[in-house]
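Here, each number is a calculation from the coordinates, and none is a lab measurement. Remember, it's a predicted structure, so these values are computed and weren't measured experimentally. All Cβ positions, even for glycine, are placed from backbone atoms using ideal geometry, and neighbour counts span all protein chains on display.
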Amino acid sequence: MSVITRIPPSPTGMMHIGTARTALYNWLFAQHHKGQMQFRIEDTDRARYAPEFVESIKDGLNWLGLTWDGPILSQFDRRDRHAEVAHEMLKSGKAYYCYCAPEELEAMREKAKAEGSQAFYDRRWRDSSTTPPAGVKPVVRIKAPIGGTSVVNDKVQGEVVVNNEQLDDFIILRSDGTPTYMLAVVVDDHDMGVTHVIRGDDHLNNTFRQNIIYDAMGWTVPVYAHLPLILGPDGAKLSKRHGATGVAEYANMGYLPEAMRNYLLRLGWSHGDDEIISTQQAIEWFDLDHVHRSPARFDFAKLENVNAHYMKEADNQRLVDLVVPFIEKKGIKVDDLGRQRLLAGMDELKNRAKTLLQMADEGAFYCKSVPLDFDEKAKANLDPAVLKILAEKFNQLENFTPESIESACKDVANDLQGGKLGKVAMPLRAALTGTTVSPSVFHAAVILGKDEVLKRLSCIS
């Protein structure tokens, strides 16, 4: 059997981090088994549908490096096929027309509520011989099993059993002829040849109803794996109040896609004590047996640490290309010389930074032109007298190296600051970078070059 998974997001908002993890697990499972992951947009909710959300989902998957097989399918475009299946079930006696008026349904709800029953529809049209009322457009309901239990053998949740009395004859076709979500999902999964449905456990209750449709049509039921929720650090469902929840937000915060893949992988799945797992290893090792049943807690500190690891491992030129847009968002134009300086200083920058955003903060000075803007701490550390003498000493240096620059700073410190090198190095850092946080100022000065260093020092008075 060739494995086929699917990722079927709803384009009613930006791509959530939970959707990203679900997509990752579907992709890894398909890759592991040399199968396919297909991509379907569940866009039947036209009131909340927006094309830009579809693009956001595609961008999120592309950023994560998760590829899909075949064209992107639209559930809305397949509504005629869904209705066709509903009519097949009508013909086979597995579904029926229901002519209940809204007030009748409301009375049933109130009665079920009073009795503490979950299912409220009393099936009055299931086997009725009553003549349908004139002028009423019926809905189509499926015949759910009466009595007994239904079982789902879930690869994550284990054996899950429900009493069939909890399953009512739910609607599969509305009175206007449009299919419901419950019907559309099953028809699409069947037609796409989906073998494994890997999704959030908030869909577990839907599974029992969807299996009724599979059984009515005589279709093979897929293997199910329902993933637990992702919680915030406080144990509540992950939401905006915990911080970023959309994939695009993490990209904008400067995380690398490979780090996010690694972190999301471990957010609900494990391989021994391994924390850093490459994508190739993940494909080789991933299975459903080691998906955790309990919810995972999102830990921003752990994500930063994982990202820091991948920053150190990343190619320097790639990091330059990635960090430049973050620097330009600060209003700093990055020219070829700025790129060259960033590349020259990248070994130190990437060993200090946990995100591209932090790298942009600490490396932007390489791309600035005089006069620099100084933050408040830098202004407080500028010492014109010290910097003037430093400029004179630097101007006399034949070899402009980290060692010669540090030696000159030590000489000035001994002459003016009682040997305290920090009293000289900090004003130099402030003058060259406009801030008080940067890589080694001696190495940075060499990368900037003697002429640029003297130009920046000459602006301080």
The alpha-carbon center of the range 414-431 and that of the range 66-114 are separated, in whole Å, by 76
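Roughly how many debye, to the nearest 20, is the charge dipole of the range 78-227 about its Cα centre, given +1 on each Lys and Arg Cβ, -1 on each Asp and Glu Cβ, and no other charges? List each step's numbers first, then the result.
Working: 18 positive and 22 negative charges, 60 e Å.
That gives the range 78-227 a dipole magnitude of about 280 debye.
FRET efficiency for E392 and E115, Cβ-Cβ distance as r, R0 = 56 Å, nearest 0.05? Before the final figure, lay out each step's value.
Numbers: r = 93 Å, r/R0 = 1.66.
Computed FRET efficiency for E392 and E115 comes out at 0.05.
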Charge dipole of the range 376-458 built from unit charges on the beta carbon (Lys, Arg +1; Asp, Glu -1), centred at mean Cα; most positive-end Cα among L448, L432, I389 is L432
Can you give me the C-alpha center-to-center distance between the range 277-307 and the range 384-410, rounded to a whole angstrom? 50
Whose amide H sits under 5 Å from the amide H of S10, counting only residues 5 or more places off or on another chain, with H placed in the peptide plane? E42
Which shape class applies to the range 315-367: rounded if a/c is under 1.5, otherwise prolate when a/b exceeds b/c and oblate if not, where a ≥ b ≥ c are the square roots of the Cα gyration tensor eigenvalues? oblate
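Under the classification rounded if a/c is under 1.5, otherwise prolate if a/b is larger than b/c and oblate if not, where does the range 376-458 fall, given a ≥ b ≥ c as square roots of the Cα gyration tensor eigenvalues?
Details: a/c = 1.44, a/b = 1.09, b/c = 1.33.
Cα axes put the range 376-458 in the rounded bin.
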Within straight cross-link reach of K410, meaning Cα distance under 16 Å, which aspartates and glutamates are found once same-chain residues fewer than 8 apart are removed? D383, E392
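Return H82, H87 ranked ascending by Cβ neighbour count within 10 Å, so the fewest neighbours appear first.
Fewest-to-most Cβ neighbours within 10 Å comes out as H87, H82.
About its Cα centre, how strong a charge dipole does the chain have in debye, to the nearest 20, once Lys and Arg get +1 and Asp and Glu get -1 at the Cβ? Please list the in-between numbers first.
Working: 55 positive and 63 negative charges, 124 e Å.
The calculation lands at about 600 debye.
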Report, in whole Å, the centroid distance computed from the Cα atoms of the range 337-355 and the range 115-194. 59
